[in-house]
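Asks: Below are the structure tokens for one structure; questions will follow.
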Amino acid sequence: MSETANAKRNAIDDASEPIGASFKFGAKLKVSKSELMERVRAISDVEVTELKDKIALVRVESRDIDGLPYLFTIIYLGKDNIEVMYSVTPELSMRKRRLELLRYVANVLTLLKDAYEIDIASFMQILDVFLSEIQEFATSDYETLYRKYDLALSKLEDAKKRIERLEESNDKISRKLIELKDERDELKLRVSELEKYSDDALMLKIQEWLKEHGNEISISNFCKLYKVRESRVEQILNRMVREGYLEVRR
């Protein structure tokens, strides 16, 4: 297809208002006009109009706010040819519209197969143009679909990696929070001990314990009773030994 034809077709596809288009192919009527009228009346969703030298099949698919035909198809059944006129609205692609028309016209021709002898050569020329554009439309559509799929897949992979990094970061933060909580609890306990007993007060408590327990001390029991850490009690005991308040039994 030439660049000029491409530009023209794209201009039609991008039209801002409904536009009209048509195509015609040779077809020899084999029955009388009255008999043809009887046959076309059996076609659903169409308005049949008898003209001077042809019959018009009008199918209105949608109307505008004024009630005028907006999206429509008219098939003119003549003695020597069949002509199809149709509108293309802004929201439709010309190629997509032609795909729909091809199916519709094929169904009508099937119903009129005994009434007309179709000029295969002229019909195939139109069909070839339609199919080439439809193929391009479908290929382009799939390419766009695949591009969007690849892009979505890439975004999904990036999102998974970000989630993994966030989960790792969250685990590190959780571990750090646990460590900080332990440190906080330790500090709270130390502060609580400092507020509760000074070193001198704790030494007196240890001396009282020793008098009551035959000069022996169970550090764990002592700590449970006075709510102090074993490490602090051990520090006080070592101080008392250094300063001569206590002697270690061998």
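Asks: Ile120: free of Cβ contacts under 8 Å to residues at least 24 places away in the same chain, crowded, with 17+ Cβ neighbours inside 10 Å and more than 19 Å from Ala21 (Cβ to Cβ), yes or no?
Replies: When the stated conditions are applied, Ile120 does not pass them.
Asks: What number of residues within the range 34-62 are among the basic types (Lys, Arg) and either within 27 Å of Met94 (Cα to Cα) or surrounded by 14 or more Cβ atoms within 10 Å (Cβ to Cβ) (or both)?
Replies: Qualifying residue count for the region: 3.
Asks: Output yes when any residue across the range 104-119 is at pLDDT below 85 and either within 37 Å of the chain's Cα centre (by Cα) or in a helix (DSSP H, G or I) (or both), and no when none is.
Replies: No: zero hits.
Asks: I'm checking my understanding of the structure. Among residues of the range 39-52 that are farther than 16 Å from Met85 by Cβ and not hydrophobic (A, V, I, L, M, F, W, C), which one is farthest from the chain's Cα centre (by Cα)?
Replies: Of everything passing the filter in the range 39-52, Lys52 is farthest from the chain's Cα centre (by Cα).
Asks: Here are some conditions: (1) surrounded by 15 or more Cβ atoms within 10 Å (Cβ to Cβ); (2) within 46 Å of the chain's Cα centre (by Cα). Asn81 meets all but one. Which one does it not meet?
Replies: (2)
Asks: Return the residues of the range 69-105 that are free of Cβ contacts under 8 Å to residues at least 24 places away in the same chain and over 12 Å from Val58 (Cα atoms); say none if nothing qualifies.
Replies: Glu91, Leu92, Arg97, Glu100, Arg103
The values are calculated or read from the model by the stated rules, or taken from the named source; none is laboratory data. Fair warning: this is a prediction, and the values are worked out from it, not measured in the lab. FYI the Cβ positions are ideal-geometry reconstructions off the backbone, even for glycines, and counts take in every protein chain you see.
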